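Written below as structure tokens is the structure these notes are about.
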Amino acid sequence: MKDLNQNRKAIIQIFFVIGAFVLLARTAQLQLFDSSYKRHETVTGVQEITLYPARGLIYDRNGKLIVYNDALYDIKVTYNQVKDIDTTMLCELLNIDLNTFKKNLHKDFKKDPRFSEWIPYVFLKKLSAESYARFQEHLYKFPGFFAELRIVRGYSEKVGAHILGYVSEVSGKEIEASDGYYSEGDYAGKTGLERKYESSLRGEKGKKYVMKDNMGRIEGSYKNGSKDIAPISGKNLYTTLDIDLQAYAEKLLQNKIGAVVALDPSTGGVLAMASSPTYAPDLLAINRNRSEAFTKLASDSLKPLLNRALNAQYPPGSIFKTVMSLVGLQEGVFAAHRGISCRGAYFYNGRRFGCRNHPEGIHNLAKALQYSCNTFYFQGFRDILEKSGYENADKGLDTLVAHLYRFGLGKPMGIDLAGEESGNVPTSAYYDKVYGKGVWRSPFIISLGIGQGEYLITPVQMANMAAIIANRGHYYIPHIAQHFEGNEDAGLSKYQVRKETNIDPAHFEAVMDGMELAALGGRIEGHVFCGKTGTVQNPFGEDHSAFIAFAPRENPKIAIAVYIENSGYGSRFARPIASLLTEKYLKGDIDRENPQRVWMEKTMLEADLIPK
């Protein structure tokens, strides 16, 4: 038993000797032979730095760069590492005063869970690349401070603000809903394309780990960067926009209230979408003046932040007569050769409904459209509603409403921008509530026949009406995203689905004949231009001016809608603007050798229609 205990004691002694030898050898290796130990002997901690990805670029249909990336820097600080710094020098380099320095550095670490003395937090946001370069030269003098690169948006053209949208700091709710992607101080798209395609444009954040000494200075990469994760850049977005056409549309809309929407009828792609008044997109880019600019825009009585192309809902006026014609033809109550006698008004039961001054005899539907004869469409509206009898107007209205829905009216169309309004298509159920079920008849709501009454329509819906006529009965949902680099679908396949109106294509020829005649005042050399004016009554001032059009008549390349508030007849401003934009798109510019076209452009550019 004694020998056994002695053996155990010897084994334990040998084990400790071997262990001591291993420790001594490892210490010698670290201190005498491993240079990395000497290099990092002052390291007191490892810091994780977020690497922000480059946001996806945005291009127009011709490959022109619209939105690119600029660099800004956030200056961050770790409070417990800030010691013996020259605050005066730091304030001068960062262009801040002493009070700002104190406010940005000292936090309520005990009560505010967002801040800790040991964890970096933002000291100063949105430092320009130029300012950072000046600060970087002296950064080593300020232990605890370091910079974090942020990518912000820049714009090659100062147009398209409502379409492109802007990027801003995420809210608490966005952070909670992001499944850990966003953290405080991150940026995300808030409006326009930036918001709609945020998940594709933003990319994926990376991580970098660095070793820091007790002064907060970076000693080098942690484990030679083996733990680092490189950021993944966002997807580049190619749009359907023609940025030159967009710029021209915004130029023509200066000093006016209204909107322009131009579509490619063959795809539904938005060529231009302008709303006026507007603002330069870089006003709301991430910079130190953004908050002041936003407050000014938000308080402007003319509402430049409002995208009237999507959010304004207007009575369509006489442009609606094109759709009424097609429904009447499809329902068999109209005929292309139908004529009517008009004595300047439509008369019913002692009431007079006015019409415009035009030749008394309207010999066919094309002439009715050319002269925008109210009498023709008052009677046509009644014929549609009373197809099943005078007392069954509700059935007739339901039939009309079903057609209008197939034209994309009365509901959001699904364009790839947030906030699209639906417009309004009143139904029989609505009038049952207003007048009582079985009480009302077609004369009660006869103003609907000429696009007045309760009808409301957005400019993008107007442009889509023009595209449907141009296509002889079908359309594609209007959209702005064409594709992402790398052919990522990103939910774009739905914009390639053809939508049918169920109107016989043969019925469109008579309507096109009338639109060709109605657009003669805006004719474009070398192209058949088809359009329809609308003058919308405005009880608060000058009437509103509307116009829809497409060109050429065969194989159309552009469908357009123009709506100008407080501008009078549709032929005064809406039609000329649509004509100029159509020529610009089809021919690259207006005919500078044609004095009439030059005069037309000059008149549109100089017109100031803002109510005083």
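Only the coordinates and a few stated rules stand behind these numbers; no lab work does. Keep in mind it's a predicted model, so treat the numbers as computed, not measured. Positions of Cβ are generated from backbone atoms using ideal geometry, with glycine treated the same way; all protein chains shown enter the neighbour counts.
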ask   = Which FRET efficiency value, to the nearest 0.05, do you get for ARG343 and LEU302 by plugging their Cβ-Cβ distance into 1/(1 + (r/R0)^6) with R0 = 51 Å?
value = 0.75
key: (1) 1.35; (2) 0.95; (3) 1.30, with the label sought being that of the calculated Cα Rg over 2.2 N^0.38 Å   = (1)
ask   = Which ordering of CYS91, CYS530 is given by a fewest-first count of other beta-carbon atoms within 10 Å?
value = CYS91, CYS530
Amide proton proximity set for PHE123, modelled H, under 5 Å, gap of 5+ = ILE75, LYS76, VAL77
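Filter the GluC sites (Glu not before Pro) in region 376-471 down to the DSSP loop ones having no more than 16 other Cβ atoms within 10 Å, then list what survives.
Numbers: sites: GLU386, GLU391, GLU420, GLU421, GLU454; in loops: GLU386, GLU420, GLU421, GLU454.
Counting only loop positions with at most 16 other Cβ atoms within 10 Å, the GluC sites (Glu not before Pro) in region 376-471 are GLU454.
So how much slack lies between ASN502 and LEU149, counting 0.36 nm per residue of separation and subtracting their Cα-Cα distance, in nm?
Values: separation 353, 0.36 × 353 = 127.08 nm, distance 5.51 nm.
Contour length minus the Cα-Cα distance gives 121.6 nm.
Which value, in debye to the nearest 20, describes the size of the charge dipole of the chain about its Cα centre when Lys and Arg Cβ atoms bear +1, Asp and Glu Cβ atoms bear -1, and nothing else is charged? Don't jump to the answer; show the numbers that get you there.
On the way: 75 positive and 69 negative charges, 188 e Å.
The calculated dipole for the chain is roughly 900 debye.
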query = What residue among ALA293, SER275, ASN392 has its Cα farthest toward the positive end of the dipole of the chain, where the charges are +1 on Lys, Arg and -1 on Asp, Glu, each on the Cβ?
reply = ALA293
message = Run the numbers for SER221 and ILE610: contour at 0.36 nm per residue of separation, minus the present Cα-Cα distance, in nm.
response = 134.0 nm
Beta bridges by DSSP in the chain, antiparallel share as percent, to the nearest 5 = 95
message = Quick check: pseudo-label points 7 Å beyond the Cα along Cα→Cβ at ALA336 and HIS474, how many nm apart are they?
response = 2.1
task = May I ask which of LYS158/LYS251; LYS411/LYS499; LYS303/LYS602; LYS102/LYS125; LYS557/LYS602 have a Cα-Cα span longer than 19 Å here?
result = LYS303/LYS602; LYS557/LYS602
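Around GLU250, what is the net charge, scoring Lys/Arg as +1 and Asp/Glu as -1 over all other residues with Cβ under 10 Å from its Cβ? Intermediate results must be reported in sequence, preceding the final value.
On the way: positive: LYS158, LYS251; negative: GLU157.
Around GLU250, the surrounding residues sum to +1.
Determine the dipole magnitude for region 432-582: charges of +1 sit on the beta-carbon of Lys and Arg, -1 on that of Asp and Glu, nothing else is charged, the reference point is the Cα centre, and the result goes in debye to the nearest 20. Before the final figure, lay out each step's value.
On the way: 13 positive and 15 negative charges, 63 e Å.
That gives region 432-582 a dipole magnitude of about 300 debye.
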remark   = About its Cα centre, region 47-239 carries a charge dipole, from +1 on Lys and Arg Cβ atoms and -1 on Asp and Glu Cβ atoms, whose size in debye to the nearest 20 is 320
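If you take the beta carbon distance between ALA177 and GLU117 as r and set R0 to 22 Å, what does 1/(1 + (r/R0)^6) give as a FRET efficiency, to the nearest 0.05?
Values: r = 30 Å, r/R0 = 1.35.
For R0 = 22 Å, the calculated efficiency reads 0.15.
Hydropathy first: keep DSSP H helices in the chain averaging at least -0.5 on Kyte-Doolittle, then drop any whose Cα extent along the axis falls short of 30 Å, and list what survives. Spell out each step's value before the answer.
On the way: long enough: 2-28 (39 Å, 0.67).
Span-like helices here: 2-28.
Counting other Cβ atoms within 10 Å of each Cβ, which GluC sites (Glu not before Pro) in region 152-225 have at most 14 and sit in a DSSP loop?
Numbers: sites: GLU157, GLU169, GLU174, GLU176, GLU184, GLU194, GLU198, GLU204, GLU219; in loops: GLU157, GLU184.
Taking region 152-225 and a limit of 14 other Cβ atoms within 10 Å, the loop GluC sites (Glu not before Pro) found are GLU184.
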query = Once the dipole of region 47-239 is set up with Lys and Arg at +1 and Asp and Glu at -1 on Cβ about the Cα centre, which of THR50, LEU201, ILE75 lies farthest towards its positive end?
reply = LEU201
message = Given contacts defined as C-alpha pairs under 8 Å and at least six residues apart, what's the relative contact order of the chain, whole-number percent?
response = 14
query = With point charges of +1 on the Cβ of Lys and Arg and -1 on the Cβ of Asp and Glu, referenced to the Cα centre of the chain, which listed residue (ASN307, GLN461, PHE146) lies farthest in the positive direction of the dipole?
reply = PHE146
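At 0.36 nm per residue, minus the direct Cα-Cα distance, what do LEU98 and TYR390 gain on full extension? Give it in nm, one decimal, please. Don't jump to the answer; show the numbers that get you there.
Numbers: separation 292, 0.36 × 292 = 105.12 nm, distance 8.16 nm.
Residue separation times 0.36 nm, minus the Cα-Cα distance, leaves 97.0 nm.
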